[in-house]
Amino acid sequence: MKDKKAQKKHKTNTPKYIFVTGGVLSGVGKGITAASIGAIMKAKGYKVSIQKCDPYLNVDAGLLNPVEHGECFVTHDGKETDLDLGHYERFLDFETNKYSSVLSGALYQELIEKERSGGFHGKTVQMVPHFTDLVQEKIAAAGRGSDIHIVEIGGTVGDYEGLSFIEAIRLFANRVGRENCLYIHVVYVPWINTSKELKTKPAQNALKDLRGFGIIPDVVVCRTERPAPRAVCEKIASFSGISSDAVLNLPDIGSVYDVPFNVLKSGVLEILNKFMQDDSEPNMKKWQEFSDKRSRKYNQTVKVALIAKYVGNEDAYICVTEALKAAAVWNEVNLEIDWLNAEDLGDNDELLDAYDGIVVPGGFGERGAAGKIQAAKYALEHDKSYLGLCLGLQMACVAAAQIGGVKDAGSEEFGASESAHNNVIYIMDGQAGKESTGGTMRLGDYPAKLKKQSKVAKIYGEEKVTERHRHRYEVNQKFLPEIEAGGLIVSGTSPNGKLVEFVESPRCKFFVATQAHPEFKSRPLNAHPLFSAFIRSLK
Ligand code: GLN
C-alpha cells in the first residue's frame, strides 16, 4: 500500500475534464457510467463536479411532459432540469447547480438576446465560434473549483442537432490542453440472437463518426447485455485504431448502484489513474455496505402505496422511489412499492387497507386530485402512515379541511375560489396569470422554521431546515381552524410565517407532509430523514 502523503493529488485551479459521449444508441447507461466514474473519483478523494449538455431546443426541462421525459429535477438554485441530474446527485452526493444542465434552447436564447442588444458589434453570429464558445464557457463555469469535471453529452454522436456540442468539446482540449481531457465513448454492442453473436459493426461505425469529428477517444466502453468475450473488445480496438487496453466491457447489471463496482472491474480505473497520475485505491466502503444491505433479504417487508397520476412511466417519480428504497435499505426491511392510479381510487379507499403506508407525491392539474384527497382522508381516519410531498401536502390540507367542516374544500388549481369560500389551497402572491409559463414557479432552496417539539423537528433533529421547492400554490391560512379541526397542525413555516411548509397529525403515528420536495436531497448512501422516519413508522 502506498503512503497516502506520497500521492500527489491533482489539486489546482484548473480541473481535469472527462467528456462522455455515446454511440449507436442512446439510453444505454451513458449517464450512469459517467456518474459511476464520478463516484469512484470522489471515493479517491477528489472534488468532482458533473454536467449534462443536451441538444434540445427547450430552454429548461420545466415544461417537458413527465410521462415522456420522466421527472423534472430541481437544483438548489432553482433550475428545472432533466432527471440525469438526480442520478448525478445520488451518485456523487453533491449538489448540482444551474450550470450543471446546458440545453441548446437556453444557449440560443442567450446568444440572440446578446445579438439584439448589440453585443456582437456588427459581426455575424455563427454556430462556430459563437455557439461553440458559449458551450465551452458553460463547461468552464460548471467545472470551476473542482479537481475533476465530468461532462456528459446527451444523445449519440452524429445526431444532427448535437454536432456543435461535439465540436465544442473537441475545441475544449485546445483551451485547456489535451493532456487535461479524457474522452470516453460509450457504445452499444448488440447481441444477435439468430446468429448467436455480438455484433461490433455499429460500434466500429460509431467510432468512425467520432473520429470524423476529430476526437479519438481515450476509452471506449462497450455496453452489452451479457459479459462480452475479450475478443469482441479487441476486434473493436483493431478496427478503430484504439489501443486494446482502452476498449472495455460493461455488461448489464441488476442495479444501477452496482455499476461503480462494474466500472472498477472493467479496467477503467487503471486509465483514470494514469490520467490523474494517482494510483491510490478508491474508498468504496460505504458503497459496499449499501450494496450488501440492498441485496440482502430481510424478515420484514413493508408495503407502500404510491398514489400516482403518471403511472405509465416509473421515471416520473424516480427521486421519490429512490428515496424510499434508500430508506428501506438503511432500515433493513424489504420494500414493495405499488403504483395506484389516483383516478382509480375515488371511493375505493379500501384498496389502501393492504398497505402499511401511503405516499402522495408532487403533481399538477386536476386529474387524480380527488383520489389523492381520498387517500389523505383515509390515512387521517385510519391512522395509516402518510408522507405528502408538495401536492401531497396540499391534498392533505384539503382532506383535513373537508373533515373539519369545509365540505367542498379544494384548490384554486382545480376550481376552488375565494368567492365560494373553499380555496384551502390558493395561488401564491405574484403567480396569477403565469400558470402555463416556464421557470416562474417558486423554485429551489427555501428555508423553513419548524415548531419546537414537533414531529418534524424531532425527525430532522433541528428547527431550521432548507429544502427544494417547485410550486405555484400554497395553503390559505384563513382555513387553519378547519384544517386543525380535521386533524392536522402546521409544524413548519417559511421564516416570516407567511407560507406553510410542513403539516403533521398529532394523533396519527406518522402523518407528515411538506410543501417541499425532500426527495431531491435524498442519497442512496445517506437516506433523507423524512423518508427514513416514514419507513421506520411502517416497521
Ligand atoms: N401543483 C401544485 C402547485 O403548483 C403542487 C406542485 C408540486 O407538487 N410540485 O403548487
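The values are calculated or read from the model by the stated rules, or taken from the named source; none is laboratory data. From a predicted model like this one, the values you see are computed outputs, not experimental measurements. Virtual Cβ from ideal backbone geometry, glycine too; neighbours counted across all protein chains shown. Protein only, heavy atoms only, side chains kept; ligands, DNA and RNA dropped before computing areas. Shrake-Rupley method; radii C 1.70, N 1.55, O 1.52, S 1.80 Å.
Here are the numbers:
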{"item": "Residue, farthest from the ligand (Cβ to nearest atom), within segment 321-348, restricted to residues that are buried (at least 18 other Cβ atoms within 10 Å of the Cβ) and over 23 Å from the mean Cα position of the chain (by Cα)", "result": "Val333"}
{"item": "Test: residue in segment 465-488 that is part of a loop (DSSP other than H, G, I, E, B), among the hydrophobic types (A, V, I, L, M, F, W, C), away from the ligand (no atom under 15 Å from the Cβ) and in contact with a strand residue (DSSP E or B) (Cβ under 8 Å, 6 or more places away or on another chain)", "result": "yes"}
{"item": "Residue tally, condition within 8 Å of the chain's Cα centre (by Cα) and assigned to a helix (DSSP H, G or I), over segment 73-99", "result": "7"}
{"item": "Qualifying residue in segment 405-414 (condition: open to solvent by less than 30 Å² (accessible area, probe 1.4 Å), β-branched (Val, Ile, Thr) and either more than 13 Å from the ligand (Cβ to nearest atom) or in contact with an Asp or Glu (Cβ under 9 Å, 6 or more places away or on another chain) (or both))", "result": "yes"}
{"item": "Residues that are buried (at least 24 other Cβ atoms within 10 Å of the Cβ) and more than 15 Å from the ligand (Cβ to nearest atom), drawn from segment 385-398", "result": "Tyr386"}
{"item": "Whichever residue in segment 254-306 is within 23 Å of the chain's Cα centre (by Cα) and of a type in the set (Asp, Glu) and, among such residues, is least open to solvent (accessible area, probe 1.4 Å)", "result": "Asp258"}
{"item": "Single match in Ile169, Ile215, Ile184 (criterion: assigned to a loop (DSSP other than H, G, I, E, B) and buried (at least 19 other Cβ atoms within 10 Å of the Cβ))", "result": "Ile215"}
{"item": "Test for Glu381: is it more than 16 Å from the ligand (Cβ to nearest atom), surrounded by fewer than 23 Cβ atoms within 10 Å (Cβ to Cβ) and either at pLDDT below 95 or within 27 Å of Glu467 (Cα to Cα) (or both)", "result": "no"}
{"item": "Number of the condition not met by Lys265 [criteria: (1) free of Cβ contacts under 8 Å to residues at least 40 places away in the same chain; (2) in a loop (DSSP other than H, G, I, E, B)]", "result": "(2)"}
{"item": "Failed item, numbered, when Lys498 is tested on (1) more than 16 Å from the ligand (Cβ to nearest atom); (2) out of contact with any Lys or Arg (no Cβ under 9 Å at 6 or more places or on another chain); (3) of a type outside the set (S, T, N, Q)", "result": "(1)"}
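Let's see how each residue does on (1) in a helix (DSSP H, G or I); (2) touching a residue at least 12 places away in the same chain (Cβ under 8 Å); (3) within 12 Å of the ligand (Cβ to nearest atom):
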site: Val359; (1), (2), (3): no, yes, no
site: Glu366; (1), (2), (3): no, yes, yes
site: Ala370; (1), (2), (3): yes, yes, no
site: Ser419; (1), (2), (3): no, no, no
